[in-house]
Amino acid sequence: MKYTAGRENGRRRPRGYADWRPHAATSVLLDQVNAILDEYATYLPLTVRQIFYRLVGKYGYEKTENAYGRLAEHLVRARRARLIPFDWIRDDGISYYPVNWFSGVQNFHEETARRARQYRRDRLAGQEFEIELWTEAAGMAPQLAYIAHDYSIPVYSSGGFLSLTAVRSIAERGVAFSVPLVILHVGDFDPSGVAIFDSIAADAAAFVEADRHVATSRIIAERVALTVEQVETYSLPTAPPKTSDSRSKGWTETCQLEALAPDVLADIVREEILEWIDVDVLQDVLEQERADRAELLGLPRGGA
């Protein structure tokens, strides 16, 4: 095993891949983690918090922040020891700005063919609404995009109250559309989570009302999850609101979005999206999309 000179929790910090022989109880925990990762393979990567809540609900894992911290540490060790693939667990912290380039003409044609095979039309074309999906947690965005992108719906994440510039950008999109812009929101069931959503929606709506060119341009805000009904229906674990939160008056319990199973959240989001979409119009777009793709692949070198 290789180590750095630093220490972590009183122990020497491993560097790179590092062999690990977990204790019996930890081995059982890792077996449970792997079972969860297998069960939700469609929604990988999962966040550590999602795994934590699945352990709590399915295996009775201790629901404390100390237990969460131990789990996070075990998952780091397990990935370094190659017991769990790195890309099955999401822990953000990097901003990436890629550079696009080609290795040559043949590579360009290969990329053109790949893009032709992946050709997609705007699946919201002809619909009565434009739709955006917002989430508080960046770690949840890839899972939500897996559902939303089937309908050409962009996914945005915000870790807290949005800046004025960000709210203004929502309003500008709302003004640009001649149909209402529907903002679907998923976030924690707590005073701040609800306040974030209400603040974004009200602020953007006020800008749109002042700047719109047609009366049909407006903001419609819909909270998709978490709701008190979902917390009760799925018997999700709750905690008292933070006493330091000035918005907590009247709140008796809170719940984190990641307590909801990934497949359940996906079904909830998909059902909500379909409430705003004319399926017959969507089918017409999909038929045209298939015809377009066939035409592109039939171009010279297009299917190479």
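The values are calculated or read from the model by the stated rules, or taken from the named source; none is laboratory data. Since the model is a prediction, treat every value here as computed from it, not as a measurement. Cβ atoms come from the backbone with ideal geometry, glycine included; neighbour counts cover every protein chain shown.
Look at region 217-228: where a residue is within 21 Å of VAL175 (Cα to Cα) and a partner is of a type in the set (Asp, Glu) and at pLDDT 95 or above, sitting 6+ places away or on another chain with Cβ atoms under 8 Å, you get GLU222/GLU272. Filtered by the rule that a residue be farther than 17 Å from TRP88 by Cα and at pLDDT 90 or above, region 136-156 gives ILE147, ALA148, HIS149, ASP150, TYR151, SER152, ILE153, PRO154, VAL155, TYR156.
When ARG121 is tested against (1) at pLDDT 95 or above; (2) closer than 30 Å to ALA25 by Cβ, only condition (2) is not met. When SER248, SER192, SER199 are checked against the criterion of being surrounded by 13 or more Cβ atoms within 10 Å (Cβ to Cβ), of a type in the set (S, T, N, Q) and in contact with a helix residue (DSSP H, G or I) (Cβ under 6 Å, 6 or more places away or on another chain), a single residue qualifies: SER248. When region 240-273 is filtered for residues that are modelled with pLDDT under 90 and part of a helix (DSSP H, G or I), the ones remaining, listed by number, are SER246, ARG247, SER248.
Quick one: would you say ILE153 is β-branched (Val, Ile, Thr), assigned to a helix (DSSP H, G or I), in contact (Cβ under 8 Å) with a residue 12 or more places away in the chain and outside the structural domain of ARG15 (by TED's automatic domain parsing)? No: the conditions fail for ILE153. Taking each residue of region 95-118 that is under 30 Å from SER157 (Cα atoms) and looking for partners that are of a type in the set (S, T, N, Q) and surrounded by 10 or more Cβ atoms within 10 Å (Cβ to Cβ) with beta-carbon atoms closer than 6 Å, six or more apart or interchain, yields nothing. Quick check on my filter: what residues within region 180-239 are polar (S, T, N, Q) and part of a loop (DSSP other than H, G, I, E, B)? Answer for region 180-239, where residues must be polar (S, T, N, Q) and part of a loop (DSSP other than H, G, I, E, B): THR216, SER217, THR227, SER235, THR238. Of all the criteria given as (1) surrounded by 13 or more Cβ atoms within 10 Å (Cβ to Cβ); (2) over 26 Å from VAL56 (Cα atoms); (3) out of contact with any Lys or Arg (no Cβ under 9 Å at 6 or more places or on another chain); (4) not aliphatic (A, V, I, L, M), the one not satisfied by THR216 is (1).
Listed conditions (1) out of contact with any Gly (no Cβ under 6 Å at 6 or more places or on another chain); (2) surrounded by 14 or more Cβ atoms within 10 Å (Cβ to Cβ); (3) in contact (Cβ under 8 Å) with a residue 12 or more places away in the chain are all met by ARG70, apart from (3). Being of a type outside the set (S, T, N, Q), closer than 24 Å to VAL269 by Cα and in contact with a helix residue (DSSP H, G or I) (Cβ under 6 Å, 6 or more places away or on another chain) is a property that ARG121 has. Screening LEU282 with (1) touching a Phe, Trp or Tyr at 6+ places or on another chain (Cβ under 9 Å); (2) of a type in the set (A, V, I, L, M); (3) surrounded by fewer than 18 Cβ atoms within 10 Å (Cβ to Cβ) gives one miss only, at (3). Taking the conditions exactly as written (in the same structural domain as ASP284 (by TED's automatic domain parsing) and either over 30 Å from TYR234 (Cα atoms) or without any contact (Cβ under 8 Å) to a residue 60 or more places away in the chain (or both)), does ARG121 satisfy them or not? Considered against the rule, which asks whether it is in the same structural domain as ASP284 (by TED's automatic domain parsing) and either over 30 Å from TYR234 (Cα atoms) or without any contact (Cβ under 8 Å) to a residue 60 or more places away in the chain (or both), ARG121 comes out as yes.
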